[in-house]
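Peer 1: Sending over a structure as structure tokens; questions will come in a sec.
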Amino acid sequence: MITVAVVDDQALVRQGIRSLLGLVSDIEVIGEAADGEAALALVEAQRPDVLLLDLQMPRRDGIDTITELRQRGHVLPVLVLTTFDDEELVLAAVQAGAHGYLLKDVTFEQLTDAVRTLAEGHTLVQPAITEQLLRRVEETPRPITLDGLARPEPLTERELEVLRLMASGFPNREIAAALHLAPGTVKNHVSAILMKLGVGDRTRAVLRALDLGLLTRPPSGR
């Protein structure tokens, strides 16, 4: 059973998420909070497997909450759910330590898949958000930079194919099917991509690739 805590300042949103997640047998909402301060107390008391977190909240916003959780030694996966008002928030949330980022208009299946993905130790960025970041890169004369990293070792053609599918939101098993590879081979390619880009997870790999101009606009239809 995957335990989840939901943090959002709108009671209707919290109740809706709780009701939806209650429809599946492997996910259980064990607590709710209406702001960042309450979220910190909730995590301390309940220790959920995944934290669903809004960004714009009273008392302590989502990014400050993620930062404080890390400072307190909590490494639970954080899935940001937002209306996505500003691309800068995506970067700030990821850099603060968020493991996933979804818009609030996602489908039920996308939400449950995201919770499971984070609970398994993976990361996730919704393709629509990648689209927004790509548009920002195209329209902004200065690229996004992450931690002043130097340009990495070049990726192979196969690694670039895997990277593009990662940016489109595909998990390893679907990348393997699309490229006719074994799942273990895809896992090795992902590890090589992370190592070459100098990042620790898939989310930051996509952002780093955007910074370096390695990604074209991902295909639609997912």
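Peer 1: What does the range 145-212 give for Rg and for Dmax, in Å, if only its C-alpha atoms count?
Peer 2: Computed over the Cα atoms of the range 145-212, radius of gyration and Dmax are 11.4, 36 Å.
Peer 1: As a footprinting exposure proxy, order Val43, Val24, Val90 by other Cβ within 10 Å, with the fewest listed first. Walk me through the numbers on the way to the answer.
Peer 2: Values: Val43 22, Val24 15, Val90 25.
Arranged by neighbour count, lowest to highest, Val43, Val24, Val90 become Val24, Val43, Val90.
Peer 1: Positive end of the dipole of the range 1-49, charges at C-beta (+1 Lys, Arg; -1 Asp, Glu), about the Cα centre: which of Val29, Pro48, Val7 has its Cα farthest in that direction?
Peer 2: It is Val29.
Peer 1: What does the charge add up to near Gly31, with Lys and Arg as +1, Asp and Glu as -1, over the other residues with Cβ less than 13 Å from its Cβ? Walk me through the numbers before you get to the answer.
Peer 2: Values: positive: Arg14, Arg18, Arg47; negative: Asp8, Glu28, Glu32, Glu44, Asp49.
Local net charge: -2.
Peer 1: Tell me, what is the FRET efficiency for Glu157 and Gln56 to the nearest 0.05, using R0 = 45 angstrom and their Cβ-Cβ distance as r? Walk me through the numbers on the way to the answer.
Peer 2: Values: r = 41 Å, r/R0 = 0.91.
My answer for the efficiency is 0.65.
Peer 1: With charges only on Cβ, +1 for K and R and -1 for D and E, what is the dipole size of the range 145-212 about its Cα centre, in debye, rounded to 20?
Peer 2: Dipole size: approximately 100 debye.
Peer 1: With unit charges on the beta carbon (Lys/Arg positive, Asp/Glu negative), name the residue among Val125, Pro77, Leu102 whose Cα is farthest towards the positive pole of the charge dipole of the range 2-125.
Peer 2: Pro77
Peer 1: Using the Cα centre as the reference, give the magnitude of the dipole from point charges on the C-beta atoms of the range 2-125 (Lys, Arg: +1; Asp, Glu: -1; all else neutral), rounded to the nearest 20 debye. Walk me through the intermediate numbers first.
Peer 2: On the way: 9 positive and 21 negative charges, 71 e Å.
With Lys and Arg at +1 and Asp and Glu at -1, about 340 debye.
Peer 1: Additional query: Given a Förster radius of 35 Å and the C-beta distance between Val106 and His74 as r, what FRET efficiency does 1/(1 + (r/R0)^6) yield to the nearest 0.05? Could the numbers behind the result be given before it?
Peer 2: Numbers: r = 25 Å, r/R0 = 0.70.
That gives a FRET efficiency of 0.90.
Peer 1: Based on the alpha-carbon gyration tensor of the range 29-124 and its eigenvalue square roots a ≥ b ≥ c, which shape applies: rounded if a/c is under 1.5, prolate if not and a/b is larger than b/c, or oblate? Write down the numbers at each step before the final one.
Peer 2: Details: a/c = 1.39, a/b = 1.11, b/c = 1.25.
In terms of gyration-tensor shape, rounded.
Peer 1: Counting Lys and Arg as +1 and Asp and Glu as -1, what is the net charge of the other residues whose Cβ lies under 10 Å from the Cβ of Ile175? Display every interim value, and only then the final one.
Peer 2: Details: positive: Arg164, Arg173, Lys187; negative: Glu161, Glu174.
Net local charge, Ile175 excluded: +1.
Just so you know, all these numbers are worked out from the coordinates, no wet-lab data involved. Quantities reported herein were computed from a predicted structural model and do not represent experimental measurements. In this analysis, Cβ positions are derived from the backbone assuming ideal geometry, glycine residues included, and neighbour counts consider all displayed protein chains.
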